[in-house]
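Read the structure below first, then the notes.
The values are calculated or read from the model by the stated rules, or taken from the named source; none is laboratory data. What you see is a predicted model; the values in this text were computed from it and never measured. As a convention, Cβ positions derive from the backbone with ideal geometry for all residues, glycine included, and neighbour counts pool all protein chains shown.
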Amino acid sequence: MIREAGVIVIGAGGLGAATAFYLVKPGARNVVLIDKYDIGSQTSPRAAGMVSCVRKSELMIELIKLAAGRIERFTEETGQPLDWVRSGSLKVARRAQDVAVVEDDVLRGRRLGLDVERISPEEAHRLNPFLEPDGVAAVMRVGDDMYFNPAQVAVGFARGAEACGATLLPHTAVTRVLIERGEVTGVETNGGTIHGPIVVDAAGAWTRQVAEANGLRIPLVSTAQQLFVTDPLPGARADLPMVRVMDAAVYVRPCDGGLLWGVYEEDPRFFEMDSLGERFQIKDMPLDAAVLWRYAADVRRQLPVLLKATVREHRGGIPTMTADGQHIVGPTPAARGFFFASGCNVSGLSISPALGDALAAWILEGTPPIDLAPLAAARFAPGSWSEDELRQQARWQYRHFYGSV
Ligand SMILES: Cc1cc2nc3c(=O)[nH]c(=O)nc-3n(C[C@H](O)[C@H](O)[C@H](O)COP(=O)(O)OP(=O)(O)OC[C@H]3O[C@@H](n4cnc5c(N)ncnc54)[C@H](O)[C@@H]3O)c2cc1C
């Protein structure tokens, strides 16, 4: 096994693999991408694969626009396949207070060059006949939104990184990051020690576990998210706009001739990864269909198809939520050479091309190409949060993913 590396990336999910790819693509050498399981096998392939361009901040809109462009050019850039569809989306408000959010979204989106407009519920029904206008107060159409095959992203970035010279080490668990006098000196793995001055903790649901083995605290919560894929349905064309119902936090998109749909429920399950044991994999996460059926009933007037369509696949994963709903990307002041790429907030796969690129530049050049202060690990003062507060705020961020008030 390799014994020395310039950069050691822990975790070959979307965030870690994208970081490794954008490190080696401009020429960095000695990059190692380590995963305790198969490459791209944990939460990333289980995502919905939706790209949402209208975000709450200008920074996030700038980043997601960059990411969407890279998703379109993925094959050109990495040499690997990625199926994607620019279907657009319909964001649906059912309550008066959410109409104001839609109006704000339209203004912000237009100002930042997005193809957004408010349309009538009847026009929305014409664009996607599965969405009934009954009980709909306002709809925003977003022409820039797209979806992609989630299973291809992490694997594609990792294979692309390998082709540019990165070393992939699947089935290798990092047991400890080595830190001496406040500086990273390498990692200990179940296959031996790798020396190196820079480590990226992109361990997804296990990010905290990797950091806390060294006493580095990071405020994120591993949180369940699950979805259904239905059997093929007449009329479920691949180019139908995706639908998001704001207050119910239900999303739907076309998938292989049927529909894929999920929800950000009121009371999500949080996981202490340590308590699940060393061999736990994301596929072992218990699923709970009752949650999805409860929310299908909530939106039965707008999306009656959800209660009727038969389910072909039920899958779930464990993204990480933060207290402010923002990702955690960049160095930590707690140890020189220790970087994070985590806090995905259930949207880390779509943004991974932009965050991976920005983090790679931060590592190679010492500063990020754009100001990422709102995402920096340094925004959390040590000990400035309690576990209870973190969970309470993470729960709120999760449930209010679509900006519903
Ligand atoms: C149902 C569902 C729907 C979603 N929908 C969307 C969506 O529409 N759009 C979107 O952008 N995102 C979506 N997401 C979120 C998306 O899946 C995540 O943001 C993204 O996959 C996070 O990637 P990651 O690299 O952080 O995690 P992972 O893919 O889990 O990768 C982390 C890797 O770290 C490895 N690892 C952990 N510990 C160690 C160790 N000690 N040593 C070595 N390796 C280690 C793991 O084996 C794993 O492979 C969804 C998620 C789910 C579950």
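Please state which one of G192, G204 is within 15 Å of the ligand (Cβ to nearest atom), on the phi > 0 side of the Ramachandran plot and buried (at least 17 other Cβ atoms within 10 Å of the Cβ).
Just a single option satisfies the conditions, and that option is G204.
Identify, from the list E103, E117, E77, E123, the residue that is in contact with a Lys or Arg (Cβ under 9 Å, 6 or more places away or on another chain), farther than 28 Å from E313 by Cβ and in a strand (DSSP E or B).
Within the list E103, E117, E77, E123, the selection yields E117.
List the residue pairs whose Cβ atoms are under 7 Å apart, where the first residue sits in the stretch 191-220 and is among the aromatic types (F, W, Y), the second is near the ligand (Cβ under 10 Å from one of its atoms), and the two are 6 or more positions apart or on different chains.
W206/M273
Does D298 satisfy the criteria of being in contact with a strand residue (DSSP E or B) (Cβ under 9 Å, 6 or more places away or on another chain), among the acidic types (D, E) and either at pLDDT below 95 or surrounded by 14 or more Cβ atoms within 10 Å (Cβ to Cβ) (or both)?
The answer is yes for D298.
Give the stretch 22-51 a look and list any residue that's of a type in the set (S, T, Y) and either surrounded by fewer than 23 Cβ atoms within 10 Å (Cβ to Cβ) or within 7 Å of the ligand (Cβ to nearest atom) (or both), or say none.
The answer is Y37, S41, T43, S44.
Among the residues in the stretch 135-154, are any farther than 30 Å from R244 by Cα and either in contact (Cβ under 8 Å) with a residue 24 or more places away in the chain or within 24 Å of the chain's Cα centre (by Cα) (or both)?
No, because not a single residue in the stretch 135-154 is farther than 30 Å from R244 by Cα and either in contact (Cβ under 8 Å) with a residue 24 or more places away in the chain or within 24 Å of the chain's Cα centre (by Cα) (or both).
Given the conditions (1) under 25 Å from Y251 (Cα atoms); (2) hydroxyl-bearing (S, T, Y); (3) crowded, with 19+ Cβ neighbours inside 10 Å, which single one is not true for T310?
Of everything listed in (1) under 25 Å from Y251 (Cα atoms); (2) hydroxyl-bearing (S, T, Y); (3) crowded, with 19+ Cβ neighbours inside 10 Å, T310 misses just condition (3).
Need the failing condition index for A163 against (1) at negative phi; (2) more than 10 Å from the ligand (Cβ to nearest atom); (3) crowded, with 20+ Cβ neighbours inside 10 Å, just the number.
(3)
Please give the number of the condition A323 fails out of (1) away from the ligand (no atom under 15 Å from the Cβ); (2) on the phi < 0 side of the Ramachandran plot; (3) more than 16 Å from the chain's Cα centre (by Cα).
(3)
Identify, from the list P368, P374, P382, the residue that is in a loop (DSSP other than H, G, I, E, B), touching a residue at least 12 places away in the same chain (Cβ under 8 Å), within 21 Å of the chain's Cα centre (by Cα) and more than 15 Å from the ligand (Cβ to nearest atom).
The match here is P368.
Look at G316 and say whether it is more than 27 Å from R73 (Cα to Cα) and assigned to a loop (DSSP other than H, G, I, E, B).
no
Does V329 fit the bill of being in contact with a Leu (Cβ under 6 Å, 6 or more places away or on another chain), more than 10 Å from the ligand (Cβ to nearest atom) and hydrophobic (A, V, I, L, M, F, W, C)?
Answer is yes for this residue.
Just one of (1) surrounded by 24 or more Cβ atoms within 10 Å (Cβ to Cβ); (2) small (G, A, S); (3) assigned to a loop (DSSP other than H, G, I, E, B) trips up A18, so point out which.
Unmet condition: (3).
What are the residues in the stretch 52-68 that are within 15 Å of the ligand (Cβ to nearest atom) and either acidic (D, E) or in a helix (DSSP H, G or I) (or both), if any?
If the condition is that a residue be within 15 Å of the ligand (Cβ to nearest atom) and either acidic (D, E) or in a helix (DSSP H, G or I) (or both), then M60, I61, L63, I64, K65, L66, A67, A68 are the ones that fit.
Against the conditions (1) assigned to a helix (DSSP H, G or I); (2) over 22 Å from V250 (Cβ atoms); (3) not hydrophobic (A, V, I, L, M, F, W, C), where does R395 fall short? Just the number, please.
(2)
Between V221, V210, V187, which is of a type outside the set (K, R), in a strand (DSSP E or B) and near the ligand (Cβ under 10 Å from one of its atoms)?
Being of a type outside the set (K, R), in a strand (DSSP E or B) and near the ligand (Cβ under 10 Å from one of its atoms) holds for just one of V221, V210, V187, which is V187.
State which residue pairs qualify: first residue closer than 16 Å to S89 by Cβ and inside the stretch 39-52, second residue of a type in the set (V, I, T) in any location, beta carbons under 8 Å apart, and separation of 6 or more residues or different chains.
If the second residue must be of a type in the set (V, I, T), the pairs left are G49/V153; V51/I64; V51/I71; S52/I64; S52/V142.
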